[in-house]
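Q: Can you read through this structure? Questions will come right after.
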Amino acid sequence: MLPQNKRPPDIGEYVAASSVDAAIDALADGQGTALAGGTDLWAQKDSGNGRLRQRLVNISRVSELCGIAEVAGKIRIGALTTISEILESPLLNEKVPLLPQMANRFAAPQIRNAATIGGNIANASPAADAVLPLIGLGTSVELRSKRETRFLPLSGFFKGPGNTQMTADELITAIEFETPPGNFHGVFCKSGPRPALEISMVAMCLTGLLEGGKLSNPRLVFGAVGPTPICCEKTEAMIDGKTISDDLIASALDLMATEIAPIDDFRASKWYRTQMARTFLEAELIACR
Ligand SMILES: Cc1cc2nc3c(=O)[nH]c(=O)nc-3n(C[C@H](O)[C@H](O)[C@H](O)COP(=O)(O)OP(=O)(O)OC[C@H]3O[C@@H](n4cnc5c(N)ncnc54)[C@H](O)[C@@H]3O)c2cc1C
């Protein structure tokens, strides 16, 4: 049993929000915890991580937070959209297959049916899979509170494991990114003992505009090799718009290895994570040629 000071507070109040306004009212004093699919929140209930506050605000019936749509050149995905909905979305399969590709490697159907995109972001796990392609797509997060509505770039959203720029009174309502152009190239790679139903040991997303074997405006993001998703900005600058020669690949792999910060833990060693990161990047740069 957890020591007294680590135990979650008793849930004193339960609010079943029926609208965004009702949800942000219930979160306004910073004493509430949003409950979406519950696949992280419930699993962590007894971990002593302090996520579960004394008022549980169930947002899972708020229809305003659902749906995937393209409006004025942007794709908007409601925070309650599940991983299964991403996998099956005709719009995403046509215009952003990178996201269904990620969803196909995420957990198993039972979890995908409950797990939401907002929960994956707010939970701020260094191994959160959906976050990597979303950063690769240049996503902004829409946050609402009683005070304001604001948009933050997802790339700078994470401060550490379980820690984000979001304050306790805020709700993620949606995410948005520009509809990628026809020459957009995006790949998601993930390693673990099984193809899915697996917390990533290493995950990578590489995006950019692919033209004549050159990748311009690349974004290279790794998961599970640092306390937050890691954007390898120096490596991106090195490959931006260049012919992808063997020499460039070798230099990019070495530079990338200095930008990630893997650790040894029970899932994988630092050495293994570094080798997997190199293997993923090498394979995907070769595939761009
Ligand atoms: C067996 C299993 C397998 C898994 N496999 C994977 C995997 O392959 N890849 C992966 O990335 N994850 C995986 N997960 C983790 C989890 O399923 C995901 O992170 C999921 O997206 C969380 O969403 P949720 O709706 O269940 O969040 P919840 O558990 O409801 O909430 C998680 C956290 O986010 C907060 N929150 C939720 N929604 C909002 C919102 N709209 N605004 C503000 N705060 C919010 C909650 O307060 C809580 O702190 C797995 C989990 C399990 C149990």
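Q: Only residues that are surrounded by fewer than 18 Cβ atoms within 10 Å (Cβ to Cβ) and in contact (Cβ under 8 Å) with a residue 24 or more places away in the chain: list them for the range 232-243, please.
A: 233, 234, 240, 241, 242, 243
Q: Now, a different point. Looking at the range 106-122, is at least one residue aromatic (Phe, Trp, Tyr) and touching a helix residue (DSSP H, G or I) at 6+ places or on another chain (Cβ under 6 Å)?
A: Yes, the range 106-122 contains a residue that is aromatic (Phe, Trp, Tyr) and touching a helix residue (DSSP H, G or I) at 6+ places or on another chain (Cβ under 6 Å).
Q: Would you check if there is a residue in the range 48-60 being free of Cβ contacts under 8 Å to residues at least 24 places away in the same chain and either within 30 Å of residue 194 (Cα to Cα) or assigned by TED's automatic domain parsing to the domain that holds residue 207 (or both)?
A: no
Q: Same structure again: Among (1) free of Cβ contacts under 8 Å to residues at least 60 places away in the same chain; (2) over 26 Å from residue 281 (Cβ atoms); (3) not hydroxyl-bearing (Ser, Thr, Tyr), there is one condition residue 162 misses while meeting the rest; what is its number?
A: All conditions pass for residue 162, except number (1).
Q: So residue 75 clears everything in (1) under 20 Å from residue 178 (Cα atoms); (2) in contact (Cβ under 8 Å) with a residue 24 or more places away in the chain; (3) out of contact with any strand residue (DSSP E or B) (no Cβ under 9 Å at 6 or more places or on another chain) except one condition, right? Which one?
A: Going through the list (1) under 20 Å from residue 178 (Cα atoms); (2) in contact (Cβ under 8 Å) with a residue 24 or more places away in the chain; (3) out of contact with any strand residue (DSSP E or B) (no Cβ under 9 Å at 6 or more places or on another chain), residue 75 breaks only (3).
Q: Determine, yes or no, whether residue 41 is touching a Leu at 6+ places or on another chain (Cβ under 7 Å), over 20 Å from residue 132 (Cα atoms), at pLDDT 95 or above and outside the structural domain of residue 147 (by TED's automatic domain parsing).
A: no
Q: Show me the helices (runs of 4 or more DSSP H) found entirely inside the range 87-134 where at least 3 residues are under 14 Å from residue 36 (Cβ atoms).
A: Hits in the range 87-134: 109-114, 117-123.
The values are calculated or read from the model by the stated rules, or taken from the named source; none is laboratory data. Keep in mind it's a predicted model, so treat the numbers as computed, not measured. A quick note on method: Cβ atoms are made from the backbone with ideal geometry, for glycine too, and the neighbour counts reach across all protein chains shown.
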